[in-house]
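FYI, it's all coordinate maths here, none of it is from the lab. Nothing here was measured: the structure is a model prediction, and the numbers come from that model. In this analysis, Cβ positions are derived from the backbone assuming ideal geometry, glycine residues included, and neighbour counts consider all displayed protein chains.
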């Protein structure tokens, strides 16, 4: 496997990860990242931030030393920065990782909805919390073109709301604010869906499926991370499948290049291979 | 920094600066004369240990980054850097679990969930060891501990007697007791001892060189070296004994989970404020146990905010807090339910204990008739490992490890179905034996 | 009208270009193939001949073809008012097409009212429904039909978008993957299967399957391929083996398929085997006797 050819991450037909076409005026797009137990998406989130800041995922595929070396020699493009808002990880989790990748701290912003979220918002009416979240995140759009939301579906339980309410009151308005919104969702619960369709789904599961399906139909592309079906392997962490989403991109000159990569995350680096 | 020179003289050849950071703890008052505080037994040991490990990570530890986090980390007896990420980690009180987690402990700021299938309660052994280990760390400093201490334990439980049920440190066989006495006298500060410790590196270097050719010897050397470097890092606990004296309220805080969410969280926060210089070990045993938690907690909109809130507090104090939690997953793993997955999602690390069903146990009893100490009690499934899984490494391993609960320790080892045929057993048993013992030497060292 | 029923492709074309009188076109889609291509196709066919009102829950990009763009809200009453403000108050010669990019967010109990209050002679409603979207059903609504059932009942035309799969096994594989939200490559491709159900005034429904290519805007009628292939296979197997005629006629074949095989009965039980006991008039069965319990 070590002999295998490393591959660049490509999502769009102009050989880019985040095509500039997506950022055309007055257009708004969504990408949907799904991940499962064992394949945490943090490297992909970092790669997307890096792409937004530098134009390409500079440190993907590189050995750590080479990446750092290369990172220090590069200049920053003039594109706007990226914002990451996470409901499961705190600020330090991202800043330390991005610092290691030598991404300039000026170029991204982390919004921490992990720390004290419950302490601050417990018992408040849900719509109030949602609107304050929306306001805070909307302010970011002044400087950011890319918003990455990690596990917003937790709000369904944190605020005891329906997925429809979450979509209508938070996700949809955010799509309107940012040229590109990336929703990162944990879909391990799907592994426990009864295969017999006659069996009644639990209401939690219904909300989860509704949330993810809605995200799917809104997104131009889906980036699915999952471990190998055979389980743990020392030379492969899992697969990254890039597929078209439910939204049409016919108004753009680019389309999504469907692809399946094998990836290996070790230490602080991730390498991609073709399947 | 007058003690700096002193320690350099002490560890002359290596001049390990590690001593500096390890010595510069917050619990040492600066007014203390450098001579007295510079040469505590632990520091002497750490000098030799540092050299014997031939580690060259001196420079980063010298950097003043330590002052940002709590300084206690550097000198805390229960903290050592993880060999995988070099982030500080603390022992869970079970050496095999420490090893299984990939960091020789649970990294500070991380949370661990232990799920258990069936109705057995093996996970409680791990919880008790985790709790007892914290108390033992706290008492390393001697009588000072009750006033100042370095570790505080928080338990989310209704069980008022939790403190009285903690296991005591394994005293070991007679040989072990003797050895510990010897080491005690060795550690006493005498001129002879300081001279000896100065000469030690040379001998060890040679031992090391020979050891390179022999795997098992190297392993044991290395772990001995680890023990030298981190003498009070991890202990073996005898689950049949009791920790005496039982921890008091100065060492342990009980919080009832059976109260409103904000009350639980604010009490937890108060503990963190009150013990602002200590390592806080949080234990949430038997999460969602029907006796302890009211039925509402099984609803996601109740349990998720609770865990999210607790996680938030741990992460906010990520330089001095760890959390361990157990739950019986069978009760809640009904098909189509999201509960277990959602709870797992709230933790940085998760393992799952699956005790063997009756037939399997009987089979093992039959196969290991002559070596009952080898009978495992169940499988350990790894779901997430601290730090490593979060950065995208895939660490789901099902049925690769097995556990065995013994009087003095909870063992985790690689699992393979033994061969039943008694004849094959005769010839192969030896090989298997040496195989497993080889891989286990690092862990099963008694002291 | 008569001609269209003979030529399914013409009928589809008439439906897509709104020339067939069909006031409510329901578009059912799934993760494997979203309906976005159909909407684009309809708007292309309609062109400038109608005013298009695009009601969106899923995008903020106003499509080029849309005359008006309405954002979906949580309150369907408010949404209805907004939409109505763009619709002619009295019958007008110009057609108005209302496209709703998802009907899933309209609550089940308001759905029928929502649809019926919008439809009028000069208005055509094209609504998309994601069929994989589960619904929370309060116990008070248990007997009420599901949203999909309701919509299918009310719709005058139903366009069902499906991926093209090789065979039943592949379809099953795909289903199980989608159920776990593992999305394989090759879905949502420009070529897909479209099942048109068109209701006549009498309510009688005609169903046709097409292979739809959204790049070339062509649609070919799909015959019941699967069965045809099977029969051909059968024939080929026996070809040239012997000089005897081993083939069976269609009538014989039908008769063969009607034979109930004994083991099929056993298979209909879900868990393991079971004893099928049928009472006959000669049976001497005593209910009181525990030893005679046939089960």
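Annotations for the structure displayed:
- Sorted by Cβ neighbour density within 10 Å, fewest at the top, the residues A:43, B:415: B:415, A:43
- Percent antiparallel among DSSP beta bridges (both partners in chain A, rounded to 5): 45 percent
- Euclidean distance between Cα centres, region B:323-377 to region A:125-156, Å: 39 Å
- Sorted by Cβ neighbour density within 10 Å, fewest at the top, the residues C:22, A:127, C:202, A:144: C:202, A:127, C:22, A:144
- Shape of region A:130-275 from the C-alpha gyration tensor: oblate (a/c of 1.5 or more and a/b not above b/c, with a ≥ b ≥ c the square roots of its eigenvalues).
- Remark: the Cα gyration tensor places region A:179-262 in the oblate category, a/c being 1.5 or greater and a/b not exceeding b/c.
- Per-residue mean of C-beta atoms belonging to partner chains within 10 Å, peptide A:114-121: 6
- Ranked from largest, the principal axis spans of the Cα set of region C:2-222 equal 52, 47, 38 Å.
- Only helices enter this figure: runs of n ≥ 4 DSSP H residues, each worth -39500 (n - 2.57), summed and divided by the residues of chain A, yield -8500 deg cm²/dmol at 222 nm to the nearest 500.
- Each of C:167, A:112, C:101, A:268 was scored by other Cβ atoms within 10 Å of its Cβ. Arranged with the fewest first, they read C:167, A:268, A:112, C:101.
- The radius of gyration of the Cα set in chain A, together with its Dmax, comes out at 18.4, 59 angstrom.
- When the Gaussian network model of chain A links Cα atoms closer than 10 Å, the mean-square fluctuations of A:265, A:230, A:83 top out at A:230.
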